[in-house]
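Participant: Let me begin by handing over the structure; questions about it come next.
Just so it is clear, none of the values below were taken in a lab; they were calculated from the coordinates. Remember, it's a predicted structure, so these values are computed and weren't measured experimentally. Using ideal geometry, Cβ is built from the backbone for each residue, glycine included, and neighbour counts are taken over all protein chains shown.
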Amino acid sequence: MRPAMLSDDLVHGRNLSREEALALVNCELGPLLRAAARRRDAAHGSIVSYSRKVFIPLTKLCRDVCHYCTFAHPPRKNERAYLSLDEVLAIARAGQAAGCKEALFTLGDQPELRYRSAADELLRLGHRTTLSYLAEAARVVHEQTGLLPHLNPGHLAPADVAALRGASVSQGLMLESASERLCQPGAPHYGSPDKHPRARLASIQAAGEQRVPFTSGILIGIGETRDERIDALLALRELNDRYGHIQEVIIQNFRPKAGTRMAHSPPPSLEDHLWTIAIARLLFAPSMNIQAPPNLSPGALSRLIDAGINDWGGVSPVTPDHVNPEAPWPALDALAHATNAAGKQLVERLAIYPAFARRAEKWVDPALRTSLLRRIDADGWPRSDEWSPGTRTRLPDCAAGLGAPAIGDELSAILARAQAGVALGEADIVRLFRCRGDEFAAVCAAADELRQASNGETVSYVVTRNINYTNICYFKCGFCAFSKGKMSENLRGRPYELSLAEVARRAREAWERGASEVCMQGGIHPRYSGATYIEICQAVKGAAPGIHVHAFSPLEVHQGA
């Protein structure tokens, strides 16, 4: 496939086939990046997300010996194999104090199978396996700090996935590569049984079967070919097509580290990294979240955005990247400005992506579901403040941005139509409701301009009285004070139904005290008919002929009709 053949159906919907991807192995980079960026924009608009996390390295012992890794090491004298629960909580609380919402647990693969000291220490901790201790640590962190655990423990059997589901909102395992060639003698995964592609794909499949929101991806530059990268991404796509559980795909670039067998191996070039990101974007559905870690490509963040990413992954203001300790996280303010400079806006997410959070009944264990739902807005993004209707909390300054709003042509066109008095369609309105950050500030500014044009500086109000004629209702809306149920549980008080004389008295009293309106609200009483609602209005008008009657919800109108 020539770059010129990157057609609109690829940009907006159809996934790249294997044959088409292979035809792009040596293609010109510019057209490929532009197609990937357009495909990203079609689904994600101006948003580039990240998760504010704290990194908890539960153990750095591992039974594998990957040739590029500095995270894992053998047992050391006078050093415990595992963090204690007190140490875990100290890290988590530091993250909580810094505004983190994710607790990332990363650890070596099943070290008790290789090291007797690890097995002995687990027994002293009251556990037989690392994964059992991980589940306890994750639960304790969530219960005591409210942080949402994301678990990255390595290879998992189906029973392990199921056990950890009850302690986390998401799990992760990098496929890294689907090439068995990299497990042969002299290759980076030789001697690391948990890095065999079949084992890792089996774990990712088990996560799909257990309905676990899952993070995976590939590590590029460790000796694989571009063809092999494509095959690895297609293996992930096939599993996601079957289960729909992969919430993000990471394209991580290898960085050589001193003291490892691959210390002198060259890293992939930036162009190679960009090519792989773009191919991943075209292989997966436009809605897939494609991520590249920002600390591994300093100075090239705008290029990564140009290649089609829509997520930076977890970024910690508290803990280092223990897997890449030589690469510090960017400061969040700097990351926001770099993202803004590339024409995008940085938006915080949780460890579980919005599309999965919105369907928590399917994807999240009941033990964590309520905690998650309290932390998200209607779109599944984390609440940015504690304000809610009816509270006395100070109103947040929602419209504060980074300067000139970074809004695209689509939103600009919608705002222009609204300001010109053109009726907006449903898709336009949905788009406006999903604005946040700088886009939200732009919508507020446009609305304020319309308000000034329509009403100048006049803000009106009405003196009104609510008359609730009954709290008896045969609907069971859980949010309503009129809802059915035990009075002690629903706080609705005793059932009542006002007489027409009492309705008239309240209307007359309101008029005498200066009200110009009554607002009629009540439950949907099973005995009411259209005649009932007419009689209520007649009672009001008979008592106060000049008062305005604001009355009846669509449900009441429907019932009366």
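Participant: Expressed in nm to one decimal, what extension gain is obtained for the pair Arg124 and Glu361 from 0.36 nm per residue of sequence separation less their Cα-Cα distance?
Facilitator: 81.7 nm
Participant: Report the net charge of residues surrounding Asn340, where surrounding means a beta-carbon distance below 15 angstrom and charges are Lys +1, Arg +1, Asp -1, Glu -1.
Facilitator: Once positives and negatives cancel, what remains is -3.
Participant: In addition: Quick one: net charge around Pro545, please, counting Lys, Arg +1 and Asp, Glu -1 for every other residue with C-beta under 14 Å from its C-beta.
Facilitator: My count for the surroundings of Pro545 gives 0.
Participant: Here's something else I'd like to know. Pop a pseudo-label 7 angstrom from the Cα along the beta-carbon direction at both Glu535 and Ala42 and give the gap in nm to one decimal.
Facilitator: 6.0
Participant: At what distance in angstrom do the alpha carbon centres of region 69-122 and region 157-200 lie from each other?
Facilitator: Computed from Cα coordinates, the inter-centre distance equals 19 Å.
Participant: Between Val459 and Arg505, with labels modelled 7 Å along Cα→Cβ, what's the label distance in nm to one decimal, could you check?
Facilitator: Taking the simple label geometry, Val459 and Arg505 are separated by 3.7 nm.
Participant: Moving on. State the antiparallel share, in %, of DSSP beta bridges confined to the chain, rounding to the nearest 5.
Facilitator: The antiparallel fraction comes to roughly 5 percent.
Participant: Which residues in region 490-531 have a backbone N closer than 12 Å to a point placed 7 Å from the Cα of Asn466 along the Cα-to-Cβ line?
Facilitator: Backbone N within reach: 519-523.
Participant: Quickly work out the His337-to-Ser388 label distance, labels modelled 7 Å from Cα along the C-beta direction, and quote it in nm with one decimal.
Facilitator: 3.7
Participant: Tell me, how many Å apart are the Cα centres for region 490-537 and for region 17-40?
Facilitator: With region 490-537 and region 17-40 each reduced to a Cα centre, they are spaced 66 Å.
Participant: What's the lysine pair count for the chain at a Cα cut-off below 17 Å, pairs eight or more apart or interchain?
Facilitator: 6
Participant: Now for a different question. Under the 0.36 nm per residue contour assumption, what length would be gained going from the current alpha-carbon distance of Val430 and Ser302 to full extension?
Facilitator: Additional length available on full extension: 43.2 nm.
Participant: Give me Cys27, Cys480 sorted ascending by neighbouring Cβ count inside 10 Å, so fewest comes first.
Facilitator: Cys480, Cys27
Participant: Rounded to the nearest 0.05, what FRET efficiency do Asp8 and Cys477 have when you use their Cβ-Cβ distance and R0 = 56 Å?
Facilitator: 0.80
Participant: Please work out the FRET efficiency for the pair Asp409 and Glu79, using the Cβ-Cβ distance as r and a Förster radius of 35 Å; give the result to the nearest 0.05.
Facilitator: 0.05
Participant: Place a label point 7 angstrom from the Cα of Leu29 along the Cα-to-Cβ direction, then list the residues of region 286-314 whose backbone nitrogen is under 13 Å away.
Facilitator: Inside the label zone: 300-308.
Participant: Relative to a virtual label point 7 Å from the Cα of Ser287 in the Cα→beta-carbon direction, which members of region 36-53 show backbone nitrogen distances below 14 Å?
Facilitator: Residues 42-45 qualify, since their backbone N sits under 14 Å from the label point.
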